[in-house]
Structures are given as C-alpha cells and as structure tokens.
Ligand SMILES: [Zn+2]
Ligand SMILES: [Zn+2]
Ligand SMILES: [Zn+2]
C-alpha cells in the first residue's frame, strides 16, 4: 500500500473519509491511485486543490461504507469499487445496536477496496459482471444461516463459481472468524485473505486458463483435473499430508492443485503489498515492482521475520506464520509470470486502440 497525505500535510489512511487533523474530506481517486483532499462546492460536486471535480460514491453519501470518488463526468452513481457488488448484507435491519450488518459491510468493503488497489497496482485489469456478463467479476456478501430465520436454509460457504465470489459476511465478525480459524486449524484467516484467494480462482477461470502459458500449470501445481470434490473430502477427513510444509505455502493448499494456485496467488498479492508498504515506510530500498520473484522473496523473508518479532514484542501472534520453501518459490514465480503476461496483453490492447 502507498502512503497518502492530506493537503494540510498530515498523513491519511486508505480507509479514511476525513483528515484527522484539519477535518477536510478525503477520498480515493482510481485514476491517480491516490487519496485526494476535497472541498464541497455545489450540488454534490467536490473539488480538489487542482480544480478536478468529483462526486462521492452513493455508498459513501448514503451508507458511509465507501470513500472512493467518481469523476464528475461519469454517469455512474457508484464508484469503480462498489460496482462489483451484487448482494450486500441486509441494511434494513436497523434496530440492532451496534448495527452489525453495517459493520460487516464496512469491513468487507475495506478489504475489497484493498484487493482492488493491489490489482490496479499490479496492472491487472478487472471489470464487473454488470459490464461484462460472461467475463466480469461480481461479489455476493451473504448472511450465514445462523442469522437467518426459517428452516432448510443452506449454509453460506465462502467460495468462487462462474464469475461470482461469495463471501460469508460472518467472516467480518472477529469472534466468528477466529472460531472458524481454530476449528480448521489454520495459521491465518483474514477477510482480505479471502478476497485475494477467491480472486485467484476467478482470474484462473476467466483469464489465465485461456493463455498459452497456462500449459505449464500441471508441471508446477499438479494435475488439476483430479476430482475436486473427492480431494476436498479427503482433505477435510484426513487433514494435510504430514510433510505438507515442504511443498505447500499453507496446509489448505495441499487439498487440490486449484487450491494450491489460489493460496499461492493470495500470498503473491500479500507479499507484493507488504513489500510496497515497507518500501513506502523506508524499510526496504526498492519497490517490489522492480524486483524479480527471487529478489522479492529474499527481502520478504527478512521482513516477515522482523514483523513477527515486533508482533511477539507487543504480545500478538506472528503476522506472517508461513515458510516459503524452494517448491513454493517456483509456484510464486509462476503467478508472477501469469501476471506479467496479462499486463503485457493489457498494454498491447491499449496501444491497439
Ligand atoms: Zn488535513
Ligand atoms: Zn463506492
Ligand atoms: Zn479456494
């Protein structure tokens, strides 16, 4: 993540809607990938110091769950990030205090926006399923059956199918998420991790598997044509192989080659974002965009040890409780290769326009 500053000079965060110092509104501009200080002018128009005109996303104005700006010339009432939503947590239940569904939606939006920022930083184009019905991406934030009334309601499973990423909105509740993490014996479980992991499935399904480079998939991850259902059943019954950490970045990655890919993709995005944050903070001398996978991992391993030490000092668990072995390195390099091909393809298409 980059660092951002208000016009008054104070630092603001990616999730902020106001500057904590001067109280001016700040919002995220997709065109420049920057937080911009805005002043309200008239009829919902907001202006930057340079005179650029914006409107606030409707999910900001009416629901306070977004801080993204819309160029004034755009006909949309939702920002780029909010256009990917298909189902959101039910906001009509307002007599609950604190308003759980509001908080869930807010946390889901914040994680989703971080994911979209990473994709834009990496030059990975993504459009919504509303604009591109067959190829685009949409999100369903569904409520868990525990909170639904009536019987015979299927439990919500976080997952991907046919362009739709479903996130169980209960994942936005800390207690529920930590219980699930303990029940599944996971090393880490975050909302952002879910978004990253599931987009790995989306990009493989809709984009990467059509590219010629995808032919090397099985030599890196194994044969993905083995039964998914059976493999997952075996995994949930028996757990991962005892030596899983030699070959996989997480235990779950051992369940099936397509899960291995999604987990590896998840970690690639995490490492890139982590290294960019470190670079912005002056903790590492080079931005990850100028590094090879091997160089990235060399720096990340040192950095991960450092942040784990820091976390232990303040009484928290390790921030990055994973070991990246040589076998995982090869898989991460494959993710980097696919992203590079996609970026080149995008640039070639732009030149052709
Ligand atoms: Zn300020
Ligand atoms: Zn929005
Ligand atoms: Zn998965």
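The values are calculated or read from the model by the stated rules, or taken from the named source; none is laboratory data. Note that this is a predicted model, so its numbers are computed, not measured. Cβ coordinates were reconstructed from backbone atoms using ideal geometry, including for glycine residues, and neighbour counts include every protein chain displayed.
Here residue 66 meets the list (1) crowded, with 21+ Cβ neighbours inside 10 Å; (2) in a strand (DSSP E or B); (3) more than 11 Å from ligand 1 (Cβ to nearest atom) almost entirely, failing just condition (2).
Quick check: anything in the range 20-40 on the phi > 0 side of the Ramachandran plot and either touching a residue at least 60 places away in the same chain (Cβ under 8 Å) or within 16 Å of ligand 3 (Cβ to nearest atom) (or both)? Checked the range 20-40: at least one residue is on the phi > 0 side of the Ramachandran plot and either touching a residue at least 60 places away in the same chain (Cβ under 8 Å) or within 16 Å of ligand 3 (Cβ to nearest atom) (or both). Highlighted here would be strands (runs of 3 or more DSSP E) found entirely within the range 131-240 that include at least 3 residues which are within 30 Å of residue 326 (Cα to Cα), but there are none. If the condition is being modelled with pLDDT under 95 and either within 16 Å of ligand 3 (Cβ to nearest atom) or surrounded by 15 or more Cβ atoms within 10 Å (Cβ to Cβ) (or both), then the range 69-86 contributes no residue at all.
Residues considered: 209, 181. Of these, the only one that is out of contact with any helix residue (DSSP H, G or I) (no Cβ under 6 Å at 6 or more places or on another chain), closer than 16 Å to residue 157 by Cα and surrounded by fewer than 19 Cβ atoms within 10 Å (Cβ to Cβ) is 181. Just to verify a result, which residue in the range 25-50, among those that are surrounded by 16 or more Cβ atoms within 10 Å (Cβ to Cβ) and assigned to a loop (DSSP other than H, G, I, E, B), is nearest to ligand 2 (Cβ to nearest atom)? Result: 30.
Condition check ((1) in the same structural domain as residue 171 (by TED's automatic domain parsing); (2) under 17 Å from the mean Cα position of the chain (by Cα); (3) free of Cβ contacts under 8 Å to residues at least 40 places away in the same chain; (4) surrounded by 13 or more Cβ atoms within 10 Å (Cβ to Cβ)) across all residues:
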{"site": "201", "(1), (2), (3), (4)": "no, yes, no, yes"}
{"site": "222", "(1), (2), (3), (4)": "no, no, yes, yes"}
{"site": "226", "(1), (2), (3), (4)": "no, no, yes, no"}
{"site": "242", "(1), (2), (3), (4)": "no, no, yes, no"}
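Checked against (1) within 11 Å of ligand 2 (Cβ to nearest atom); (2) closer than 27 Å to residue 269 by Cβ, residue 12 meets all criteria but (1). Of the residues 193, 163, which is more than 29 Å from residue 317 (Cα to Cα), surrounded by fewer than 21 Cβ atoms within 10 Å (Cβ to Cβ), within 22 Å of the chain's Cα centre (by Cα) and in contact (Cβ under 8 Å) with a residue 40 or more places away in the chain? Answer to the selection: 163.
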